[in-house]
Amino acid sequence: MMVDHHIIPPFTPIWWIGILLSALGIWGIIQFGKGLSPKKEKQFSIFLGVLLILRELVREIYLYSIDSWFISDSLPLHLCGIAAVTAGIILINRNQFWLEFILILGIPGAVHSFLTPELTHGNDAYLLFEYYFSHSGIILAGLYLVFVHGMSPRIGSWKNAFWVAQGLLVFIGLMNFILKSNYMYLSKKPLVSNPLIIGDWPFYILGFEIAGIIHIFLFYGFFIWVINRSAVQVPVIEKD
């Protein structure tokens, strides 16, 4: 069983409020982190990471409490669900590989979720807050590690992001077959109106692939450009 999804139409008041408050929160937290001493900043980073991870646990408990938890629709197996949990982890351990996953795959997914919001379990006050909180956390984690910790994607890391994306498509596709679900919208296209969604199943998935590759290059190039302008040395992936 799947829960009815709720769409937030673009350019409506709630759409603007969600984006503006999220952007302000991300900017404020990054500025706050920059002003902390190294010791306090490390503690703050861990606090943020734990908060983002606990968010998923609270979400699962809340959905169960209102009888809206279904294995076919409630696991964190959408791209943004996976990225939201990963965002919390990298704020704690600052893993280079998964930082690149967030910057090159997670943030593009979160940006599209802001532009074309589709709430998968309804739109009560908590779920609306959780939607923007979780997607803001993805963007925050990546930008925080870039602008507070001076980390960056490695030269050539777009290749890793590409293969991670292909692995996720295969894994999530298999999970959808087993669970009769629609995670990452591989079984049925999303309801939102998005110019990147072309045709019906399975043709729109090819569009996802093409758009995904374009986004990988765009966001990889963007972050490399940002780091170069900030005079931070960009690491290179070492060959075995």
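Hey, could you check the range 22-39 for residues that are loosely packed, with under 14 Cβ neighbours inside 10 Å and closer than 19 Å to F129 by Cβ and say which is nearest to the chain's Cα centre (by Cα)?
Just the residues of the range 22-39 that are loosely packed, with under 14 Cβ neighbours inside 10 Å, to begin with: 23-24, 27-28, 31-32, 34-35, 37-39.
If we keep only those that are closer than 19 Å to F129 by Cβ too, we end up with 23-24, 27-28.
Numbers: A23: 15, L24: 18, W27: 17, G28: 19 Å.
Restricting to residues being loosely packed, with under 14 Cβ neighbours inside 10 Å and closer than 19 Å to F129 by Cβ, the top hit is A23.
Any chance the range 148-156 includes a residue that's within 17 Å of the chain's Cα centre (by Cα), in a helix (DSSP H, G or I) and touching a residue at least 60 places away in the same chain (Cβ under 8 Å)?
No, the range 148-156 contains no residue that is within 17 Å of the chain's Cα centre (by Cα), in a helix (DSSP H, G or I) and touching a residue at least 60 places away in the same chain (Cβ under 8 Å).
What number of residues in the range 96-130 are among the aromatic types (F, W, Y) and either over 23 Å from E60 (Cα atoms) or not in a helix (DSSP H, G or I) (or both)? Spell out the reasoning first.
If we filter the range 96-130 for residues that are among the aromatic types (F, W, Y), which is where we start, we get 97-98, 101, 114, 126, 129.
Next, from what is left, pick out any that are either over 23 Å from E60 (Cα atoms) or not in a helix (DSSP H, G or I) (or both): 97-98, 101.
Summing the residues that are among the aromatic types (F, W, Y) and either over 23 Å from E60 (Cα atoms) or not in a helix (DSSP H, G or I) (or both) in the range 96-130 gives 3.
Would you call S193 at pLDDT below 95 and under 17 Å from D73 (Cα atoms)? So that I can check it myself, show each step before the final result.
Working: at pLDDT below 95: yes; under 17 Å from D73 (Cα atoms): no.
It is false that S193 is at pLDDT below 95 and under 17 Å from D73 (Cα atoms).
Does any residue in the range 210-225 that is touching a residue at least 40 places away in the same chain (Cβ under 8 Å) and farther than 14 Å from V111 by Cα come within less than 9 Å, Cβ to Cβ, of a residue that is outside any helix (DSSP H, G or I) and of a type outside the set (V, I, T) six or more places away or on a different chain, and which pairs are these?
Matching pairs, first to second residue: Y220/P153; F223/S152; F223/P153; I224/S152; I224/P153.
Looking at the range 63-110 only, could you name the residues that are touching a helix residue (DSSP H, G or I) at 6+ places or on another chain (Cβ under 6 Å) and among the polar types (S, T, N, Q)?
S72, S74, T86
Working carefully through the options F133, F147, find the one that is more than 26 Å from E60 (Cβ to Cβ) and of a type in the set (F, W, Y).
Values: F133 fails: more than 26 Å from E60 (Cβ to Cβ).
Exactly one residue qualifies, and that residue is F147.
Would you check which residues across the range 160-184 are closer than 29 Å to G49 by Cα, of a type outside the set (V, I, T) and touching a residue at least 12 places away in the same chain (Cβ under 8 Å) and list them?
Those that are closer than 29 Å to G49 by Cα, of a type outside the set (V, I, T) and touching a residue at least 12 places away in the same chain (Cβ under 8 Å): N160, A161, F162, A165, L168, L169, G173, M175, S181, N182, Y183, M184.
If I filter the range 212-240 down to residues being surrounded by fewer than 13 Cβ atoms within 10 Å (Cβ to Cβ), aliphatic (A, V, I, L, M) and modelled with pLDDT under 85, which single residue comes out as farthest from L169 (Cα to Cα)?
Filtering the range 212-240 for residues that are surrounded by fewer than 13 Cβ atoms within 10 Å (Cβ to Cβ), aliphatic (A, V, I, L, M) and modelled with pLDDT under 85, the one farthest from L169 (Cα to Cα) comes out as A231.
Which one of the conditions (1) touching a helix residue (DSSP H, G or I) at 6+ places or on another chain (Cβ under 9 Å); (2) surrounded by 13 or more Cβ atoms within 10 Å (Cβ to Cβ); (3) of a type in the set (D, E, K, R) does K42 fail to meet, given that it meets all the rest?
Every listed condition holds for K42 apart from (1).
Just to be sure, is I90 touching a residue at least 60 places away in the same chain (Cβ under 8 Å), among the aliphatic types (A, V, I, L, M) and closer than 30 Å to G122 by Cα? Show your work before the answer.
Numbers: touching a residue at least 60 places away in the same chain (Cβ under 8 Å): no; among the aliphatic types (A, V, I, L, M): yes; closer than 30 Å to G122 by Cα: yes.
No: the conditions fail for I90.
Starting from residues that are within 14 Å of the chain's Cα centre (by Cα) and farther than 15 Å from A84 by Cβ, keep the ones in the range 97-115 and report whichever is surrounded by the fewest Cβ atoms within 10 Å (Cβ to Cβ).
Result: L115.
The values are calculated or read from the model by the stated rules, or taken from the named source; none is laboratory data. In this text, all values refer to a predicted model and were calculated from it rather than measured experimentally. Backbone-built Cβ (ideal geometry, glycine too); neighbour counts: all protein chains shown.
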